[in-house]
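Scroll down for the structure; my scribbles are underneath it.
A short reminder: the numbers here are calculations on the coordinates, not readings from a lab. Keep in mind the model is a prediction, meaning the values are calculated, not measured. Please note: Cβ atoms are built from the backbone with ideal geometry, for glycine as well, and neighbour counts cover all protein chains shown.
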């Protein structure tokens with residue numbers, strides 16, 4: 001250890017910033033969005049994640065689904081899938097939660113400028129993507145085109161329902177949905193998310209693809225994009241793992257020699273393709 | 001820095017006893033055949049065991065306790081002095097420093113513990129059967145990384161200062177007693193003991209590949225060895241708990257947004273499991289392999305330092321009798 005290091009005024013990396021729960025939005029039977037007001041402005045870059053603590057219960061990583069341009073209000077979209085997420089779902093407005101972060105490497109929006117952006121999302125994976133879409137909307141004059149392809153199990157599992165009509169009303173944006181199992185009245189696509197990719201009109205050479213969703217969709221989505229002609233370094237993946245400390249120390253999210261919490265969660269396929277079991 | 005002081009065995013014994021009034025002093029003491037760090041007082045300073053192979057506990061426990069509240073750390077009243085840390089453990093601190101004193105996410109609690117500790121390592125003249133530091137180019141004596149290194153012959157202890165903190169300690173606590181005298185170099189009696197220990201280790205580890213060759217073997221081993229060896233593993237995590245470089249932990253939430261950091265290991269089931277059920281290390285064999293990849297491939301690649309310093313504790317601690325060295329030799 002170098003003795004020149006005399007840092008004693010450092011921020012405690014394990015301490016939270018408090019945030020009060022303002023509103024709970026029911027997005028689907030399993031997915032809710034918590035609208036939080038942090039006690040001090042909280043800025044993040046799209047795709048970076050935060051650790052959300054329910055006092056005395058537990059902490060879990062989430063990528064905000066709100067606009068990175070907004071710092072006094074943060075939206076976290078959560079799927080009920082385990083102990084802590086179930087507790088998050090039961091919260092009432094007024095509850096005080098804890099935030100740590102933002103952590104990790106998000107979407108390199110600056111590299112997307114001048115390009116056509118193809119986004120493939122599935123299930124709750126639309127949460128980080130919505131934040132990315134806000135960020136892209138902010139710089140849309142510098143983009144060629146943005147196409148969103150989103151898949152969910154059933155029409156009632158589709159989240160952010162008003163988002164699609166809004167995107168389709170915007171210049172340069174197109175948004176498509178598909179479901180595995182349709183319900184009466186569904187007049188959009190049927191099938192897994194990758195079926196939408198076939199319908200897209202995109203100049204792959206001047207494009208990047210972004211994928212975020214459940215592991216099985218990430219895998220087959222990536223394979224489909226490669227088949228379409230995307231190169232490994234044109235595909236951006238959100239490799240959400242068990243990011244526990246968020247600061248590259250606890251080891252729970254290690255993927256090869258990467259700490260997903262510090263080096264990711266957004267990786268190009270090129271960066272991680274050699275690592276075994278990345279889709280697990 | 002780089003000064004060598006000589007102090008008589010009797011004076012040193014008395015001195016270490018007196019230190020306990022102003023410091024928490026820890027040093028290896030043998031109890032029921034086990035050598036481990038014990039709190040030192042004037043009463044037991046004569047029981048300290050010097051220059052024998054590693055204490056049962058790795059040095060990391062002083063900086064990364066098994067359980068620690070990291071949001072409200074306990075106020076330490078006294079600074080620590082650790083006497084008798086072996087060089088394998090001192091070498092292991094390099095990796096811990098790189099992880100915990102990372103520029104972007106600086107762990108102030110770890111830093112404070114490091115700064116508030118005077119680390120006095122000591123040469124290993126007697127080695128344990130599982131010791132294999134030399135295989136990874138680590139000598140059984142420290143010349144850097146510690147604050148002071150302690151060598152002994154039949155009459156004297158030799159204190160080699162390896163940091164400014166070590167110099168300060170000597171100036172503030174030893175110089176005034178007029179018990180230590182500088183010498184220009186370590187005597188041949190110490191060098192002989194060092195050489196003898198090194199030779200013993202080299203002979204014992206002659207069939208063990210170095211860290212680079214080990215990394216290649218581990219990387220290239222597909223499936224077989226991990227699943228075969230792990231069939232005996234019971235996922236108890238002892239190998240990680242006693243490893244001087246294993247630092248993974250679990251964050252536990254307590255009311256008032258307090259967080260408790262508790263030592264964890266990739267050898268436990270569900271270490272990487274996420275709420276959705278995915279678990280890259282679900283299989284025992286994949287967890288077993290993960291530890292070897294982490295030690296010999298990933299951590300060295302990432303941090304440019306050793307993640308196994310050859311202390312051999314994991315071999316002694318394994319209740320299933322799995323020998324890491326046997327495994328590595330078999331991977332040839």
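Some notes on this structure:
- Calculated FRET efficiency for the pair residue B:2/residue B:154, C-beta based, R₀ 22 Å, to 0.05: 0.35
- The alpha-carbon atoms of region B:293-332, seen along their principal axes, cover 30, 22, 13 angstrom, with the largest extent given first.
- Each of residue B:116 and residue B:181 was given a label point 7 Å from its Cα along the Cα-to-Cβ line. The distance between the two points is 3.8 nm.
- Tail fraction, Cα-Cα pairs, region B:101-250, threshold 19 Å, whole percent: 70
- The eigenvalues of the Cα gyration tensor, multiplied by 5 and square-rooted, give region A:17-103 an equivalent ellipsoid with semi-axes of 18, 14, 13 Å from largest to smallest.
- Listed residues A:13, A:50, A:147, most fluctuating in chain A (Gaussian network, C-alpha, under 10 Å): A:13
- Between 0 and 90 degrees, the angle of helix B:87-100 with respect to the longest Cα principal axis of chain B falls at about 60 degrees.
- Whole-number D in µm²/s for region A:9-158 (Stokes-Einstein; Kirkwood sum over Cα pairs; 25 °C, 0.890 mPa s): 152
- Residues residue A:111 and residue B:143, FRET efficiency given R0 of 41 Å [Cβ-Cβ distance, rounded to 0.05]: 0.30
- GNM flexibility winner over chain A from A:246, A:56, A:191 (Cα, springs under 10 Å): A:56
- Listed residues B:188, B:57, B:151, most fluctuating in chain B (Gaussian network, C-alpha, under 10 Å): B:188
- Take the Cβ atoms of residue B:43 and residue B:10, set R0 to 22 Å, and the FRET efficiency comes out at 0.85.
- Taking B:8, B:87, B:230 and counting other C-beta atoms within 10 Å, the order from fewest to most: B:8, B:230, B:87
- From its DSSP helices (H runs of at least four residues, each -39,500 (n - 2.57)), the protein assembly as shown gives a residue-normalised ellipticity at 222 nm of -7000 deg cm²/dmol.
- Angle in degrees between helix A:126-138 and the longest Cα principal axis of chain A, rounded to the nearest 10: 80
- Three-way shape label, region B:84-173, alpha-carbon gyration tensor, a/c 1.5: oblate
- The antiparallel fraction among DSSP beta bridges confined to the protein assembly as shown stands at about 60%.
- Measuring max minus min along each principal axis, the C-alpha atoms of region A:97-255 give extents of 48, 37, 33 Å (largest first).
- Centroid-to-centroid separation of region B:1-42 and region A:204-280 [C-alpha atoms, Å]: 52
- Relative to the dominant Cα principal axis of chain A, helix A:215-228 is inclined by about 50°.
- Overall, the ratio between the Cα radius of gyration of region B:4-204 and 2.2 N^0.38 Å, rounded to two decimals, is 1.01.
- Shape category assigned to region B:61-107 from the gyration tensor of Cα positions, a/c cut at 1.5: oblate
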